[in-house]
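First the structure, in the form of structure tokens, and then the observations on it.
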Amino acid sequence: MLSVADSMLAYLRVGRGGGVVRLVPEVPGVPEDAAGLRAANARLRELLGERDARIAALEEQLAALGVKVQALAAQMKANSRNSSKPPSSDGLAKPSPKSLRGKSGRRPGRPEGQPGATMALSDHPDKVVRHRPKACSCCGKSLRKGEVTDTERRQVIDIPPVKAQVTEHQILTVKCRCGCETKAGAPAEAPAPVQYGPRLMGTGLYLWHGQFLSRDRACRALAELFGCAPAPGALAAAARRAAGLLAPALEAIAGRLIAAEVAHFDETGFRVAGRLAWVHSASAGDFALFTVHAKRGKEGMDAAGVLPAFAGIAVHDAWAPYDCYQDVAGHALCGAHVLRELVAVTETGTDLDVTWAQQAADALNALNQAAEEARQAGKAAIDPAFRKKHEDWYRDAAKAGIALNDGRNGALQKKRHALATRMQAREADYLRFARDLRVPFSNNAAEQSIRMAKLRIKVSGCMRSMAGAEEFCAIRSYLHTATRHRIGALDAITRALQGNPWIPETG
């Protein structure tokens, strides 16, 4: 049997009169009259309309799924090179290193003209061992009284076996002729019958919070190195005591940061007592201060005590709470962060998106290189014409990104539109490094200093209490700043446990 559609195709108009010629034989079910044909035609149109509506719905669903697939593909491609994800999240699929600045042109290895680091013989060895041949290699006669004609020097640098030394302090009581007995005072380093000394516990704290061993492993290391194994609780008590003695040093560090012309700020997650807390970092030059707080935003920043009183240029990422501080001289947004975002656009966007993102990245890299060269040459600013040219490239790229993603169809377009809009709205903050050579291109200094907090959690998993987290941050602030001032971490923490911590100058 012919379908309705086939039956309708059996009628053709012929001639100018518009007559109808029957081309197929009569088939049961095919209407003979015009009304029947009109009804069949209407039904066919209805079916075609339903089909078109269904096709449109499927196309819309396909487009939505395509957007989701693009978003998921971009999520799968996200790594530490093109997003804010930490390098530790890359796992075994870690991408090969690729500098966001591009190739420098420098060949691998030690730069030509730079002095090497070859081991040299010491002019004052602690011990000399003379090796004298016993018999002549030719005739076999004894060389016991033979003349020494040459000496070849070879040295071995090693550590002799070390064992903890026990010092007994005997507190004497002496009786006077008058009959009164007087007892001598105990030395400061021996407040109890038995305790560990500041150098031993300082070494334990150095291994624990300086070299990031776990607390138990630090205690085991002390046992193997020195034959003395303090309990983990004793090491925790030493950390509490050290942190309590560091208040003057931390106050001096905070004062130097508040007075700095340019300072870096950052924050990172930190597991404390099974919950997420945040370590806040403030650093400038050779000074760094770390604090921990339950909140990531302004409440935690205020508790750190630096930003509320800071009047210089604050370098940070685009985390909104930093913008709450309006008394600063200016904000400088991290160029490394925006470069990672632009790399993500080049890897997930359309061809036109790749064009504007690459143009913006090239402009930022060129300005950064020009700023570095100007600093090395002792100049106060980069060439104005060069700066204007690349700032225009940056500006045009941001405009193009806004226009191309104005529809904001799907998560990726919304993300690209937000990036381009932020680049345009905060142009002065993103390009401050090119207009003021005191300002660095990136916030890497803060990220590098705060990375130790992530290492602590990676090793220990979680800090047991907020008090322990605060002690860790206090000790890390002290050790970080001390080592930047060329004071050994072991020496610095030992001095603190002796009650005489190193305090940076406040002038």
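The values are calculated or read from the model by the stated rules, or taken from the named source; none is laboratory data. Model, not experiment: these values are computed from the prediction. Methodologically, a virtual Cβ is constructed for each residue, glycine included, from the backbone with ideal geometry; neighbour enumeration extends over all protein chains shown. Accessible surface is based on the protein model in full, side chains and every heavy atom, while ligands, DNA and RNA are left aside. Shrake-Rupley method; radii C 1.70, N 1.55, O 1.52, S 1.80 Å.
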Taking the Cα centroid of the stretch 228-251 and of the stretch 373-411, what is the distance between the two, rounded to the nearest whole Å? 49 Å
Using only Cα atoms, find the angle between the long axis of helix 411-425 and the longest principal axis of the chain, and express it within 0 to 90 degrees, rounded to the nearest 10. 60 degrees
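Size of the dipole of the stretch 241-343 about the Cα centre, Lys and Arg at +1 and Asp and Glu at -1 on the beta carbon, nothing else charged, in debye to 20?
Numbers: 8 positive and 11 negative charges, 95 e Å.
About 460 debye.
Once every DSSP H run of n ≥ 4 in the chain is given -39500 (n - 2.57) and the sum is divided by its residues, what mean residue ellipticity at 222 nm do you get, rounded to the nearest 500 deg cm²/dmol? Don't jump to the answer; show the numbers that get you there.
Numbers: 16 runs with 232 residues, N = 507.
Dividing the helical sum by the residues of the chain leaves -15000 deg cm²/dmol.
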May I ask for the net charge around Pro308, where only other residues with Cβ less than 12 Å from the Cβ of Pro308 are counted and Lys, Arg are +1 while Asp, Glu are -1? -2
Roughly how large, in nm² to one decimal, is the mean projection of the convex hull of the alpha-carbon atoms in the chain? 56.2 nm²
How far apart, in nanometres, would the label points at Arg45 and Leu143 be if each is projected 7 angstrom from Cα along the Cα-to-Cβ direction? 11.9 nm
Could you point to the residue in His390, Ala329, Ala260 farthest towards the positive end of the chain's charge dipole, with +1 and -1 charges on the Cβ of Lys/Arg and Asp/Glu respectively? Ala260
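Which FRET efficiency value, to the nearest 0.05, is calculated for Ala34 and Glu60 with the Förster distance at 30 angstrom and r the Cβ-Cβ distance?
The calculated FRET efficiency here is 0.20.
At a 10 angstrom cut-off on C-beta neighbours, averaged per residue, how do the peptides 50-60, 168-178, 347-357 rank from highest to lowest?
Working: 50-60: 10.0, 168-178: 7.5, 347-357: 17.9.
Ranking the peptides 50-60, 168-178, 347-357 by packing returns 347-357, 50-60, 168-178.
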Only Lys, Arg (+1) and Asp, Glu (-1) charged, at Cβ; the chain dipole about Cα centre in debye: 1800 debye
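How much net charge surrounds Arg408 when only the other residues with a Cβ under 12 Å from the Cβ of Arg408 are counted, with Lys and Arg +1 and Asp and Glu -1? Mind dumping the intermediate values first?
Values: positive: Lys414, Lys415, Arg416; negative: Asp406.
Local net charge: +2.
Compute the Rg/Rh shape ratio of the stretch 189-256: radius of gyration over Kirkwood radius, all on alpha-carbon atoms. Working shown, then result.
Numbers: Rg = 13.3 Å, Rh = 12.8 Å.
Ratio of gyration radius to Kirkwood radius: 1.04.
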Expressed in whole Å with the largest first, what are the equivalent ellipsoid semi-axes of the stretch 400-507 derived from the C-alpha gyration tensor as the square root of 5 times each eigenvalue? 43, 21, 10
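I'd like to compare 458-471, 293-306: which one has the highest average count of other Cβ atoms within 10 Å, and what's the full order after that?
Working: 458-471: 16.4, 293-306: 18.1.
Ranking, from highest mean packing down: 293-306, 458-471.
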Kirkwood Rh (inverse of mean 1/r, distinct Cα pairs), the stretch 143-254, angstrom: 18.6 Å
Pairing the Cα long axis of helix 335-348 with the longest principal axis of the chain, what angle in degrees results, from 0 to 90 and rounded to the nearest 10? 40 degrees
Counting only Cα, what are the radius of gyration and maximum Cα-Cα distance Dmax of the stretch 282-331, in Å? 10.6, 28
Dipole of the stretch 112-257, Cα-centred, from +1 at each Lys and Arg C-beta and -1 at each Asp and Glu C-beta, to the nearest 20 debye? 580 debye
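May I ask you to order 64-76, 324-336 by the average number of other C-beta atoms within 10 Å around their residues, highest value first? Write out the running numbers ahead of the final one.
On the way: 64-76: 13.1, 324-336: 17.5.
Result, highest mean first: 324-336, 64-76.
Quote to one decimal, in nm, the extra length available between Arg217 and Cys136 on full extension: 0.36 nm per residue of separation minus the C-alpha distance between them. Walk me through the numbers before you get to the answer.
Values: separation 81, 0.36 × 81 = 29.16 nm, distance 5.40 nm.
Extra length available between Arg217 and Cys136 comes to 23.8 nm.
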Å³ per residue of the Cα convex hull, for the stretch 276-365? 130 Å³
When the charge dipole of the chain is computed with +1 on Lys and Arg Cβ and -1 on Asp and Glu Cβ about the Cα centre, the Cα farthest towards its positive end, among Pro133, Cys228, Ala357, belongs to Pro133
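Whole number in Å², please: accessible area per residue of the chain, 1.4 Å probe, ligands, DNA and RNA not counted. Could the numbers behind the result be given before it?
Working: 31890 Å² over 507 residues.
Here the residues of the chain average 63 Å² of exposed surface.
Using only alpha carbon pairs under 8 Å that are at least six residues apart, calculate the relative contact order of the chain and give it in whole percent. Don't skip to the answer; put the middle values down first.
Numbers: 603 pairs, mean separation 89.1, N = 507.
Here the relative contact order equals 18 percent.
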To test your reading of the geometry: what angle, between 0 and 90 degrees and rounded to tens, separates the Cα axis of helix 466-484 from the longest principal axis of the chain? 70 degrees
Simple label model, 7 Å out from Cα along Cβ direction - Arg177 to Glu112, nm: 8.8 nm
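Hey, could you get me the Stokes-Einstein D for the stretch 298-426, Kirkwood radius over alpha-carbon pairs, 20 °C and 1.002 mPa s, rounded to whole µm² s⁻¹? Write down the numbers at each step before the final one.
Values: Rh = 16.3 Å.
It comes out at roughly 132 µm²/s.
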Per the Debye formula with a single identical scatterer at each Cα and no solvent contribution, what log10 I(q)/I(0) holds for the stretch 237-280 at q = 0.23 Å⁻¹? -0.95
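What's the local net charge at His417, with K and R +1, D and E -1, over the other residues with C-beta under 10 Å away?
Details: positive: Arg408, Lys414, Lys415, Arg416, Arg422; negative: Asp406.
So the surrounding residues net to +4.
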For Phe270, which sequence-distant residues (separation of 5 or more, or a different chain) have an amide H within less than 5 Å of its own amide H, given hydrogens modelled in the peptide plane? Ala277, Trp278, Val279
